[in-house]
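Asker: Before I ask anything, let me first share the structure, which is written out below as structure tokens.
The values are calculated or read from the model by the stated rules, or taken from the named source; none is laboratory data. Predicted, not measured: the structure shown is a model, and the values here were computed from it. Counting neighbours? That spans all protein chains shown, and the Cβs are built from the backbone with ideal geometry, glycine included. Just the protein is used for accessible areas: all its heavy atoms, side chains included, with ligands, DNA and RNA removed. Shrake-Rupley method; radii C 1.70, N 1.55, O 1.52, S 1.80 Å.
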Amino acid sequence: MFPLAIFIGGATASQKSSLAFQIQSKVPSFIINADSMQVYDKLDILTNKPKKKFIDQYNCKLFNFLSYPEKCNVGLWRRKSIELLKKTKKIPIFVGGTGLYLDSLINNISNIPPISKKIRLRVNRIFQDKGKNYFYEKLLKIDNSYATKISKNDTQRILRAVEVKVATGKNFSYWHKHKKENIFEKVVYVVLNLERDDLYKKINERCKEMLSEGVVDEVKRFLKNKISVDHPLHKAIGLEILSNYSRGEIKTDQALSLFSRDTRRYAKRQLTWFKNRANGAKHLCFNDAKNYILNNV
């Protein structure tokens, strides 16, 4: 069991990274990325990844650790995080907006065994042949409890659930029920709160900054890759809109408006998740969160 871990969650643009950097500079610690899009080596601007100089300066881990089209999931991220914990006695600061990643360590979701590439390829071939509706109907039969919790359009989770069943003989619900012992003696968990108007203002400003930083060219370069359309990165907020803009199908003002709108909607979903699922977290403004963490480490 590890002595202590700090968790910082919240919506996009809520200044999670800034808080993590300030904490890391004051206590013997290192930062572990808990954003499901920032684990990949593509779309740095679009996924709002910290600049490399900050990643190096603040001892950050699990950014860019997968090369597209490799895929990440909760189980892989969790295993990589635990591997890092075993290599140092410094305090880990987990920071990101992917609540399921944070939850997998705080509430200790069972560590599902790795799925072989052979099984993933076989399941994917069947998926390409039969389609997501067929797969979702199958999932309803093999794991109704999990299937009814996710959208029938959530390709990534449907595929993952079927892969787990094929590889282990047990469904997702089984693995979620069989949790291991807690891995941290103490958890300090904060969720950053901003007034809704302030958060949306920051989101609008950030989207505008991304355009000036060259996000459209970044999207163009990304789309020149051999595309894996079911890859999580293809769900990155703004990718489709900026792709359309790069082809001249929509104008700048419309692209920025739609990009900002979709990012605000994503932030709203994150806020809902953390409100309902972040058990044990303190929901605090930036300065209160900083003081709370420093007073409890």
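Asker: So what's the net charge close to Tyr245: Lys and Arg +1, Asp and Glu -1, counting the other residues with Cβ under 11 Å from its Cβ?
Answerer: 0
Asker: Same structure, new question: First select every other residue whose beta carbon is under 15 angstrom from the beta carbon of Ile8; then total the charges, Lys and Arg +1, Asp and Glu -1.
Answerer: Computed value for this residue: +2.
Asker: Quick one: order His176, His234 from most to least accessible surface, probe 1.4 Å.
Answerer: Numbers: His176 75, His234 50 Å².
My answer, sorted largest first, is His176, His234.
Asker: Something else: Along its principal axes, what span do the Cα atoms of the stretch 176-297 show, with the longest given first and each in whole Å?
Answerer: Extents along the principal axes, in whole Å: 53, 37, 23.
Asker: Let me ask something additional. For the stretch 232-297 and the stretch 8-47, what is the centre-to-centre distance using only Cα atoms, to the nearest Å?
Answerer: Cα centres, the stretch 232-297 to the stretch 8-47: 13 Å.
Asker: For the chain, what does the helix formula give at 222 nm: sum of -39500 (n - 2.57) over DSSP H segments with n ≥ 4, over the residue count, nearest 500 deg cm²/dmol?
Answerer: -16000 deg cm²/dmol
Asker: Let me know the charge dipole size of the chain about its Cα centre in debye, to the nearest 20, where only the beta-carbon of Lys, Arg (+1) and Asp, Glu (-1) is charged.
Answerer: Using only the charged Cβ atoms, the result is roughly 900 debye.
Asker: Dipole size in debye (nearest 20) for the stretch 1-70 around its Cα centre, Lys and Arg Cβ +1, Asp and Glu Cβ -1? Please report the intermediate quantities before stating the final value.
Answerer: Details: 8 positive and 5 negative charges, 47 e Å.
With Lys and Arg at +1 and Asp and Glu at -1, about 220 debye.
Asker: Shifting gears a bit: Compute the Cα gyration tensor for the stretch 128-214, then decide on rounded, prolate or oblate, letting a ≥ b ≥ c be the square roots of its eigenvalues: rounded whenever a/c is under 1.5, prolate when a/b is larger than b/c in the other cases, and oblate in all that remain.
Answerer: In terms of gyration-tensor shape, oblate.
Asker: Let me ask you something else. Relative to the Cα centre, what is the charge dipole magnitude of the stretch 140-290, using +1 at the beta carbon of each Lys and Arg, -1 at the beta carbon of each Asp and Glu, and rounding to the nearest 20 debye?
Answerer: Numbers: 32 positive and 19 negative charges, 126 e Å.
Dipole size: approximately 600 debye.
Asker: In terms of Cα to Cα distance under 22 Å, which lysines are near enough to Lys208, apart from those fewer than 8 places away along the same chain?
Answerer: Lys16, Lys42, Lys49, Lys51, Lys52, Lys220, Lys235, Lys251, Lys268
Asker: If you don't mind, another one. Given a 1.4 Å probe and every protein chain left where it sits, what share in percent of the accessible area of the chain is carbon and sulfur?
Answerer: 47 percent
Asker: Now for a separate question. I need the shape label for the stretch 88-153. Rule: rounded when a/c is under 1.5, else prolate if a/b > b/c, else oblate, with a, b, c from the alpha carbon gyration tensor.
Answerer: Here the stretch 88-153 falls in the prolate category.
Asker: For a quick check of understanding: with a 1.4 angstrom probe and all protein chains in place, what accessible area in square angstrom does Met1 have, to the nearest ten?
Answerer: Around 140 Å² of this residue is reachable by solvent.
Asker: Using only protein heavy atoms and a 1.4 Å probe, report how much of Lys61 is accessible, in Å² to the nearest 10.
Answerer: 70 Å²
Asker: Dipole of the chain (Lys/Arg Cβ +1, Asp/Glu Cβ -1, origin at the Cα centre): which of Ile203, Val123, Ser14 lies farthest to the positive side?
Answerer: Sorting the options by dipole projection puts first Val123.
Asker: Please list, short to long, the whole-number percent of alpha-carbon pairs of the stretch 172-233 in consecutive 5 angstrom bins beginning at zero.
Answerer: Histogramming the stretch 172-233 at 5 Å steps yields 3, 11, 10, 10, 11, 13, 12, 17, 12, 1 percent.
Asker: Starting from the Cα coordinates of the chain, work out the convex hull volume and express it per residue in Å³.
Answerer: Looking at the chain, the number lands at 137 Å³ per residue.
Asker: Something else about it: Any idea of the accessible area per residue across the chain, 1.4 Å probe, to the nearest Å²?
Answerer: On a per-residue basis, 53 Å².
Asker: Can you sort Asp253, Asp143, Asp56 by 1.4 Å-probe accessible area, starting with the largest?
Answerer: Sorted descending by solvent-accessible area, the residues read Asp253, Asp56, Asp143.
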